[in-house]
1. How do the helices (runs of 4 or more DSSP H) wholly within segment 26-118 filter down when requiring 3 or more residues that are over 17 Å from the mean Cα position of the chain (by Cα) and either at pLDDT below 85 or under 21 Å from residue 16 (Cα atoms) (or both): which remain?
2. So, of the residues in segment 12-25 that are under 26 Å from residue 87 (Cβ atoms) and not in a loop (DSSP other than H, G, I, E, B), which turns out to be modelled with the highest pLDDT?
3. Would you mind telling me which numbered condition in (1) over 19 Å from residue 27 (Cβ atoms); (2) surrounded by 10 or more Cβ atoms within 10 Å (Cβ to Cβ) residue 87 fails?
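The values are calculated or read from the model by the stated rules, or taken from the named source; none is laboratory data. Everything numeric in this text was worked out from a predicted model, so none of it was measured. Positions of Cβ are generated from backbone atoms using ideal geometry, with glycine treated the same way; all protein chains shown enter the neighbour counts.
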C-alpha cells in the first residue's frame with residue numbers, strides 16, 4: 001500500500017468514527033428515497049434490518065425546512081461570519097441563544113418579584 005493510501009485509510013477511519021452533531025445537520029444533503037432504500041442500517045453500531053433502520057430514521061427529530069425572508073445585510077453578515085458555509089447553522093444558534101436568554105430573563109424577573117414580595 002502506498003503512503004497516499006495509508007493516509008487516506010487513516011482519514012477514513014476518522015470520518016467513520018465521527019458522530020454528526022445536531023448543528024451539522026443543516027449542511028448535510030437531503031437523502032433520496034433511493035439512498036434510504038439502499039443504505040446499510042446501523043443503530044448504536046449494530047447492523048439492523050432495513051425496516052428497523054427506516055423506522056428509527058423517520059422517528060428521529062429532524063430539523064424543519066422553512067422559507068424565511070431576511071434583509072440582505074443580515075444575510076450577508078451571517079454568511080460573512082460563517083465564511084460562506086454553515087451560515088444557516090449560525091442563524092439557528094443565534095435564534096436558540098435568543099430563546100434561552102429570553103427564558104432566563106423571564107425566570108429572573110419572576111424570582112425577583114417573588115423575593116420582593118417577602
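1. Working: elements: 33-38, 50-59, 72-82, 87-117.
The helices (runs of 4 or more DSSP H) meeting that bar are 33-38, 50-59, 87-117.
2. In the first step, residues of segment 12-25 are kept if they are under 26 Å from residue 87 (Cβ atoms); the result is 14-15, 18-25.
Narrowing further to those that are not in a loop (DSSP other than H, G, I, E, B): 14-15, 22-25.
Working: 14: 77, 15: 74, 22: 69, 23: 69, 24: 71, 25: 67.
Among those that are under 26 Å from residue 87 (Cβ atoms) and not in a loop (DSSP other than H, G, I, E, B), it is 14.
3. Tallying (1) over 19 Å from residue 27 (Cβ atoms); (2) surrounded by 10 or more Cβ atoms within 10 Å (Cβ to Cβ), residue 87 fails exactly one: (1).
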